[in-house]
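S.K.: Attaching a single structure in structure tokens format; questions to follow.
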Amino acid sequence: MKKLMEQMAEELSAAFEKAGYDPSYGKVTVSNRPDLCEFQCNGAMAGAKAYKKAPFMIADDVVAYLKDSRVFSMTEVVKPGFINLKVKGEFLADYLKEMAADEKLSVSAAKEPKTIIIDYGGPNVAKPLHVGHLRSAIIGESIKRIGRFVGHKVIGDVHLGDWGLQMGLIITELKHRKPELVYFDDSYTEEYPEKAPFTISELEEIYPCASGKSKEDEAYRNEALEATHLLQQGKPGYMALWNHIMNVSVTDLKRNYDKLNVSFDLWKKESDAQPYIPGMVEEMKEKGFAYVDQGALVVDVKEENDTKEIPPCMLLKSDGASLYTTTDLATIVERMKLFNPDEILYVVDKRQELHFIQVFRCARKTGLVKDDTKLSFLGFGTMNGKDGKPFKTREGGVMRLETLIKDINEEMFTKIVENRSVKDKDAKETAEIVGLSAIKYGDLSNQATKDYIFDIDRFTSFEGNTGPYILYTIVRIKSILNRFKEEGGNLEAGAILDPVNDSQKNLMLQLTGFGATVENAFEEKAPHKICAYIYEVSNAFNSFYHETKILSEENEAQKASFIQLLKLTKKVLETCIDLLGFSAPDRM
Ligand code: ARG
């Protein structure tokens with residue numbers, strides 16, 4: 001369907017043309033003086049020079065052709081030459097009827113659907129999920145959902161960090177603790193052992209312990225390096241252990257992501273890319289891109305216009321070992337082979353930006369991707385505590401994701417019980433639903449690239465620009481609709497009519513912004529635009545609610561119109577929070 005803004009621009013363009021001016025001047029924008037008008041057109045100002053005419057004269061000419069417009073109730077020229085506009089209530093009501101009937105609520109499906117891989121989450125096996133991984137999961141999940149809504153084929157890949165020294169460290173520590181395990185027997189050959197010789201909590205304790213020891217004890221570190229090497233060569237006992245580590249860890253990760261309402265289409269891992277490394281490296285050498293520098297194999301990626309030094313991309317260390325960069329390049333090879341994507345988007349901490357600049361340049365230069373395959377990096381900022389420093393536990397340790405979620409849910413539980421609108425028995429479940437909105441909205445309402453302060457008090461508040469406020473608004477609508485139904489009302493009857501007051505018109509105007517907001521949020525990979533939008537819609541709804549008698553309205557058609565408007569508001573808000581990755585309870 002044609003959006004409201006487009007329909008207005010069409011009217012304006014036609015009027016410009018009829019008045020003898022170029023129709024391209026007929027652009028319409030949301031008014032920056034909402035006290036005077038709803039929309040405006042600045043085309044007469046823009047055209048003044050070309051036509052050597054005072055802008056208000058052009059505007060006067062144009063407005064003369066808008067007198068019987070089906071769209072505008074007011075077209076007014078103000079000096080020096082703005083055209084101020086208000087839309088007809090009837091037109092607005094018709095527009096919302098069409099929007100409510102549209103499956104995508106006026107979002108136009110992408111003309112050329114693209115295959116887009118989003119690399120997000122990025123947890124490391126056997127290391128506990130910490131808050132640093134939270135942002136990647138939340139932002140990536142939202143962009144995936146928005147991308148799908150606008151019609152693209154989006155594939156989410158968790159890209160597990162399962163390769164490298166951390167595995168060697170765990171194996172080494174296990175060997176010290178349980179040398180009797182069959183896996184350390186050189187004659188061990190079983191491929192698929194049954195039960196893991198450790199639990200997830202042990203595993204999570206083993207890694208930091210081993211990592212600490214390796215920093216102080218060189219012999220221990222060498223042992224871990226050797227174990228990593230043997231694992232990478234496929235030593236059966238170590239492969240079996242690796243399998244156990246993977247199973248135990250992935251089960252736990254899935255449980256955590258489930259709680260966050262985050263899911264992945266692919267559970268690919270760094271190790272899956274390893275088989276692609278030898279061929280890729282060989283080709284880069286053959287084509288003359290890769291050369292040996294001080295024993296290491298590198299590819300130059302600096303470019304003429306660089307303002308800062310971009311060091312060469314290192315493929316192999318002098319001992320022949322591959323690196324994080326090599327794995328990421330090989331993963332691109334694998335992804336191109338399996339999915340031939342039009343775009344790969346990485347949602348990773350912005351401190352890894354240089355790494356991705358190197359990887360992207362190297363991939364492009366050496367022809368790993370098609371010329372028109374987009375490689376994009378969405379680098380997000382740090383989540384800080386109230387002191388402005390990276391978020392820590394009260395004791396100063398690294399905050400585990402589970403702890404953070406527990407803290408939020410407890411805070412939410414207290415607030416919900418204080419509210420007393422929910423029975424104790426439901427309060428826990430409700431606290432989890434609302435708590436998730438607090439975390440996700442708190443994160444997503446900031447521009448992703450910026451650092452932000454994680455403030456539990458503010459994020460869990462029912463007032464202000466927060467997730468719980470948005471949910472509160474949805475719950476309020478749900479309860480009005482329920483009451484209407486209980487009183488014998490028919491939720492399907494009637495249609496949206498002209499607005500009865502300014503607050504209703506404002507709500508209706510806000511709702512028309514849905515399509516453009518979602519399309520733009522995808523274009524700019526900016527979920528925060530959806531947050532800003534639903535905050536406005538919620539404010540508009542709450543003003544309307546306070547200024548209008550809805551259920552006590554006596555005119556049946558008018559009441560039915562309010563109900564249809566409520567239903568559309570609810571649908572818009574619910575669709576938006578689903579795009580952000582959370583949902584609303586029935587009561588709170
Ligand atoms: N596992 C990495 C980390 O914790 C993030 C992975 C990001 N994705 C990638 N393709 N490099 O830092």
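The values are calculated or read from the model by the stated rules, or taken from the named source; none is laboratory data. Every value quoted in this text rests on a predicted model; they were computed, and no experiment measured them. Reconstructed Cβ throughout: ideal geometry from the backbone, glycine too, with neighbour counts over all protein chains shown.
S.K.: Please list, ordered by first then second residue, the pairs with beta carbon atoms under 7 Å, 6 or more apart or interchain, first in region 110-134 and without any contact (Cβ under 8 Å) to a residue 60 or more places away in the chain and within 21 Å of ILE155 (Cα to Cα), second within 9 Å of the ligand (Cβ to nearest atom) and not hydroxyl-bearing (Ser, Thr, Tyr).
M.R.: ASN124/GLY161
S.K.: Is it the case that ALA321 is touching a His at 6+ places or on another chain (Cβ under 9 Å), away from the ligand (no atom under 12 Å from the Cβ) and of a type outside the set (D, E, K, R)?
M.R.: Numbers: touching a His at 6+ places or on another chain (Cβ under 9 Å): yes; away from the ligand (no atom under 12 Å from the Cβ): yes; of a type outside the set (D, E, K, R): yes.
Against the criterion (touching a His at 6+ places or on another chain (Cβ under 9 Å), away from the ligand (no atom under 12 Å from the Cβ) and of a type outside the set (D, E, K, R)), ALA321 qualifies.
S.K.: For the structure I just gave you, tell me whether SER249 is farther than 26 Å from PRO128 by Cβ, of a type in the set (S, T, N, Q) and in contact (Cβ under 8 Å) with a residue 24 or more places away in the chain. I'd like the intermediate steps shown before the answer.
M.R.: Values: farther than 26 Å from PRO128 by Cβ: no; of a type in the set (S, T, N, Q): yes; in contact (Cβ under 8 Å) with a residue 24 or more places away in the chain: yes.
No.
S.K.: Do you know which residues across region 25-52 are in a helix (DSSP H, G or I) and surrounded by fewer than 16 Cβ atoms within 10 Å (Cβ to Cβ)? Can you show your working first?
M.R.: Start the filter on region 25-52 by keeping residues that are in a helix (DSSP H, G or I), which leaves 25, 43-51.
LYS49, ALA50 - these are the residues of region 25-52 that are in a helix (DSSP H, G or I) and surrounded by fewer than 16 Cβ atoms within 10 Å (Cβ to Cβ).
S.K.: LEU338: free of Cβ contacts under 8 Å to residues at least 12 places away in the same chain and within 16 Å of the ligand (Cβ to nearest atom), yes or no? Working first, answer last.
M.R.: On the way: free of Cβ contacts under 8 Å to residues at least 12 places away in the same chain: yes; within 16 Å of the ligand (Cβ to nearest atom): yes.
In short, yes.
S.K.: Which ones in region 151-178 are more than 12 Å from the ligand (Cβ to nearest atom) and within 24 Å of the chain's Cα centre (by Cα)? Steps first, please.
M.R.: Within region 151-178, the first condition is being more than 12 Å from the ligand (Cβ to nearest atom), and the residues that meet it are 151-156, 165, 167-178.
Of everything in region 151-178, those that are more than 12 Å from the ligand (Cβ to nearest atom) and within 24 Å of the chain's Cα centre (by Cα) turn out to be GLY151, HIS152, LYS153, VAL154, ILE155, GLY156.
S.K.: Take region 53-103 and flag every residue that is among the aliphatic types (A, V, I, L, M), part of a helix (DSSP H, G or I) and assigned by TED's automatic domain parsing to the domain that holds TYR21.
M.R.: As a first pass, look at region 53-103 and keep what is among the aliphatic types (A, V, I, L, M): 54, 57-59, 62-64, 66, 71, 74, 77-78, 83, 85, 87, 92-93, 96, 99-101.
From what's left, part of a helix (DSSP H, G or I): 57-59, 62-64, 92-93, 96, 99-101.
Those that are among the aliphatic types (A, V, I, L, M), part of a helix (DSSP H, G or I) and assigned by TED's automatic domain parsing to the domain that holds TYR21: MET57, ILE58, ALA59, VAL62, VAL63, ALA64.
S.K.: Next up: Hey, can you tell me all the residues within region 301-333 that are within 33 Å of the chain's Cα centre (by Cα), surrounded by fewer than 18 Cβ atoms within 10 Å (Cβ to Cβ) and over 15 Å from GLY164 (Cβ atoms)?
M.R.: If the condition is that a residue be within 33 Å of the chain's Cα centre (by Cα), surrounded by fewer than 18 Cβ atoms within 10 Å (Cβ to Cβ) and over 15 Å from GLY164 (Cβ atoms), then LYS302, GLU303, ASN305, ASP306, THR307, LYS308, GLU309, ILE310, PRO311, PRO312 are the ones that fit.
S.K.: For a quick check of your reading: which helices (runs of 4 or more DSSP H) sit entirely within region 221-296 and have at least 1 residues that are within 16 Å of GLY121 (Cβ to Cβ)? Before the answer, list the steps.
M.R.: Numbers: elements: 236-259, 270-273, 277-286.
Of the helices (runs of 4 or more DSSP H) lying wholly inside region 221-296, those with at least 1 residues that are within 16 Å of GLY121 (Cβ to Cβ) span 236-259, 270-273.
S.K.: Still on this structure, I have one more. What's the number of the only condition in (1) surrounded by fewer than 19 Cβ atoms within 10 Å (Cβ to Cβ); (2) in contact (Cβ under 8 Å) with a residue 24 or more places away in the chain that ALA273 fails to meet?
M.R.: (1)
S.K.: Something else now. When the residues of region 107-150 are filtered to those that are basic (Lys, Arg) and within 12 Å of the ligand (Cβ to nearest atom), which remaining residue is farthest from LEU378 (Cα to Cα)?
M.R.: In the first step, residues of region 107-150 are kept if they are basic (Lys, Arg); the result is 111, 114, 127, 135, 144-145, 148.
Those left that are additionally within 12 Å of the ligand (Cβ to nearest atom): 127, 135.
Numbers: LYS127: 24, ARG135: 11 Å.
Looking at the filtered set, the residue picked out is LYS127.
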